[in-house]
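Let me begin by presenting the structure, written as structure tokens, before commenting on it.
The values are calculated or read from the model by the stated rules, or taken from the named source; none is laboratory data. Because the structure is a prediction, the values reported are computed rather than measured. As a convention, Cβ positions derive from the backbone with ideal geometry for all residues, glycine included, and neighbour counts pool all protein chains shown. Side chains included, ligands, DNA and RNA excluded: accessible areas come from the protein's heavy atoms. Shrake-Rupley method; radii C 1.70, N 1.55, O 1.52, S 1.80 Å.
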Amino acid sequence: MLVDPFQRHVTYVRISVTDRCDFRCAYCMAEHMTFLPKKELLSLEELDRLATAFVELGVRKIRLTGGEPLVRRNVLWLIERIGRHVQAGGLDELTITTNGSQLARVAGDLVAAGVRRINVSLDTLDAQKFKAITRWGDFYKVMDGIRAAKAAGLHVKLNAVALKGVNEDEFDRMIGWCGEEGFDLTLIETMPLGEIDEDRTEQYLPLSRVRADLAKRWTLTDIPYSTGGPARYVRVEETGGRLGFITPLTHNFCESCNRVRVTCTGTMYMCLGQEDAADLRTALRASEGNAALVAAIRDGIARKPKGHDFVIDRRRRAPALARHMSVTGG
Ligand code: SAM
Ligand code: SF4
């Protein structure tokens, strides 16, 4: 078992399989990004070894993310490999966070590999706004992907970053649509990660305010539902759908943190909001056996910090951390 200094059990690992992406969401990336040279990346075989080592250390849930995980070449091979742990009972869940651009092509393969639920990031239902937010994304392709995922039997949760003056007028419509389609919806506060081309203080929308506003029109009942992540859920009584709030800024959820993140170069971040990290790549490459790797993982977990201290305000315009969300994986 992996237990940190604050007695939190680490049972959830998010693995970023690439830092590259076919979109350039304004809150996530600058339009012109420098990505890692491909040789820096862990191979798919190394990622498989890494995932297996975590499963053997008691991890029950793995999420693949990025960048855009589904643009990594042959990623389905990795998904099948990790999916075997689900089939064998060593892992409760293998899931993915995706922008949806490739879903129409791979939804069936994901199901065959043992994936049951996916998160699709979708901030708006308006094609023009979608273009403005994602810069390079194709709204209709993503909608086709979401439909394909539903048709293939995947449970779909939509993630929307709440952006002041951009999509705040759309939450009612999104709640209604998700209710009709049977999708869960989670709203996320913007986090101060990485240099982007815009000013984050202009985009930040506290979800405490959004929730209070939604409660004027919808009956929101707190429910104890959890997917092992940081979202707090309510049931929207009018639709029967679930609505989650991820509030790293207005309500810090670090006390129940059960996860670590590994980048595509094998760097393990014990906290999304802190710099300290453990190098797992050197340990992975040191030998074919996993002893050095397991030692490096345990070493990192022993340094897992108590929490992050994100702040977005006018005095602190610089990002809390230089690395982008696409590096650590959302
Ligand atoms: N490309 C995939 C996607 O968009 O779903 C997976 C990676 S993306 C980095 C994961 C999630 O992080 C997305 O839901 C995205 O909206 C969110 N995200 C990116 N930058 C963020 C930021 N600065 N604050 C809050 N959420 C962010
Ligand atoms: Fe790409 Fe996801 Fe970042 Fe958008 S949020 S730029 S889709 S990694």
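Under the condition of being touching a Cys at 6+ places or on another chain (Cβ under 9 Å) and among the hydrophobic types (A, V, I, L, M, F, W, C), which residue from segment 157-184 is least open to solvent (accessible area, probe 1.4 Å)?
Leu158
For segment 139-171, how many residues are in contact with a helix residue (DSSP H, G or I) (Cβ under 8 Å, 6 or more places away or on another chain), within 18 Å of Glu68 (Cβ to Cβ) and not β-branched (Val, Ile, Thr)?
10
In segment 36-64, what residues are farther than 13 Å from Thr263 by Cα, part of a loop (DSSP other than H, G, I, E, B) and touching a residue at least 24 places away in the same chain (Cβ under 8 Å)?
Leu57, Gly58, Val59, Arg60
Could you look through segment 193-208, keep only residues that are part of a helix (DSSP H, G or I) and out of contact with any Asp or Glu (no Cβ under 9 Å at 6 or more places or on another chain), and pick out the one that is farthest from ligand 2 (Cβ to nearest atom)?
Of segment 193-208, the ones part of a helix (DSSP H, G or I) are 200-203, 207-208.
Now restrict to residues that are out of contact with any Asp or Glu (no Cβ under 9 Å at 6 or more places or on another chain): 200, 202-203, 208.
Working: Arg200: 14, Glu202: 18, Gln203: 13, Ser208: 23 Å.
Result: Ser208.
Testing Gly66 on (1) open to solvent by 10 Å² or more (accessible area, probe 1.4 Å); (2) more than 24 Å from Ala295 (Cα to Cα); (3) of a type outside the set (S, T, N, Q), one condition comes back false. Which one is that?
(1)
Looking at Gly114, Gly153, Gly108 in this structure, which one is open to solvent by less than 10 Å² (accessible area, probe 1.4 Å) and more than 28 Å from Arg211 (Cα to Cα)? Step through it out loud before you land on a result.
Details: Gly153 fails: open to solvent by less than 10 Å² (accessible area, probe 1.4 Å); Gly108 fails: open to solvent by less than 10 Å² (accessible area, probe 1.4 Å).
Checking each option against the conditions leaves just Gly114.
Does Glu275 fit the bill of being in contact with a Gly (Cβ under 8 Å, 6 or more places away or on another chain) and either modelled with pLDDT of 75 or more or at negative phi (or both)? Don't jump to the end; show me each part of the working.
On the way: in contact with a Gly (Cβ under 8 Å, 6 or more places away or on another chain): no; either modelled with pLDDT of 75 or more or at negative phi (or both): yes.
Judged against the criteria, Glu275 is not a match.
Among the residues of segment 173-192, write down those that are outside any loop (DSSP other than H, G, I, E, B) and either among the hydroxyl-bearing types (Ser, Thr, Tyr) or more than 18 Å from the chain's Cα centre (by Cα) (or both). Write out each step before concluding.
Our first condition is that a residue be outside any loop (DSSP other than H, G, I, E, B); within segment 173-192, this holds for 173-181, 184-188.
The answer is Arg173, Met174, Ile175, Gly176, Trp177, Cys178, Gly179, Glu180, Glu181, Thr186.
Among the residues of segment 65-114, which ones are near ligand 1 (Cβ under 9 Å from one of its atoms), free of Cβ contacts under 8 Å to residues at least 60 places away in the same chain and on the phi < 0 side of the Ramachandran plot?
Pass one, segment 65-114, residues near ligand 1 (Cβ under 9 Å from one of its atoms): 65-71, 96-101.
Next cut, free of Cβ contacts under 8 Å to residues at least 60 places away in the same chain only: 68-71, 96, 98, 100.
Matches in segment 65-114: Glu68, Pro69, Leu70, Val71, Ile96, Thr98.
Just one of (1) over 20 Å from the mean Cα position of the chain (by Cα); (2) at pLDDT 95 or above trips up Leu41, so point out which.
(1)
Can you name the condition, by its number, that Phe253 falls short on among (1) over 30 Å from Leu44 (Cα atoms); (2) modelled with pLDDT of 90 or more?
Failed condition: (2).
Within segment 27-62, restricting attention to residues that are within 13 Å of ligand 2 (Cβ to nearest atom) and surrounded by 19 or more Cβ atoms within 10 Å (Cβ to Cβ), which residue is farthest from Arg281 (Cα to Cα)? Let's see the steps before the verdict.
Step one: filter segment 27-62 for residues within 13 Å of ligand 2 (Cβ to nearest atom), giving 27-33, 35.
Within this subset, residues satisfying the condition of being surrounded by 19 or more Cβ atoms within 10 Å (Cβ to Cβ) are 27-29.
Working: Tyr27: 29, Cys28: 25, Met29: 25 Å.
Checking each candidate, the answer is Tyr27.
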